[in-house]
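We did not get these values from a lab; they are worked out from the coordinates using the rules stated. Here the structure is a predicted model, which is why all the values come from computation and not from measurement. Because the Cβ atoms are built from the backbone with ideal geometry, glycine has one as well, and the counts that use them run over all protein chains shown.
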Amino acid sequence: MKGNYSNSFKETMVKKMSGKDAKSATALAEEVAVPQSTLSRWLREYGRFGSTEGRMNKKKRPQNWTAEDKLKAVIAYEGKNEDERGQYLRSQGLYSVDIDRWREEILEALSKKRKRGKNPKDRRIRDLERELRRKEKALAETAALLVLKKKAQVIWGDNEDER
């Protein structure tokens, strides 16, 4: 068989590779004369997009999920045991790396919000602290110059005395 395959044929092949007594894509390819790479792609697509009413149905891709959907998925995933997690991922067309990445994004967003300090008082405090550091540096520099001036006067004498 070569060329375009019907959706029902694709789904039948995917079921043979994923159901009970599942066959590998390589073994099934020899049996039905469909390239192994094609069968593997169908299996990936099926796992990614799921199936409805005997045809391949494309669900939204992980990068198109809303922030709310991502949060719900992470919470649902975390509440499941290891076997249920795999089944959940397959049903949603996700991979565990998607969940891990979303968890990191959520934690990063939460920590940034705390650190951002949008409160005007926090911004004013930061500005005042910055100005204080600048003035402390200027004062330290002035003090160092005065000390050097006094040492120079002790070593070389006072220029005003010579006049």
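Grab the Cα-Cα distance for E129 and N4, subtract it from 0.36 nm times how many residues apart they are, and report the gain in nm with one decimal.
Values: separation 125, 0.36 × 125 = 45.00 nm, distance 6.94 nm.
Net length gain for the segment: 38.1 nm.
Cut-off 19 Å, label point 7 angstrom out along Cα-to-Cβ of R101: give me the residues of segment 66-83 whose amide nitrogen falls inside.
Under 19 Å, as judged by backbone N against the label point of R101, lie 66-78 of segment 66-83.
Counting Lys and Arg as +1 and Asp and Glu as -1, what is the net charge of the other residues whose Cβ lies under 12 Å from the Cβ of L71?
-1
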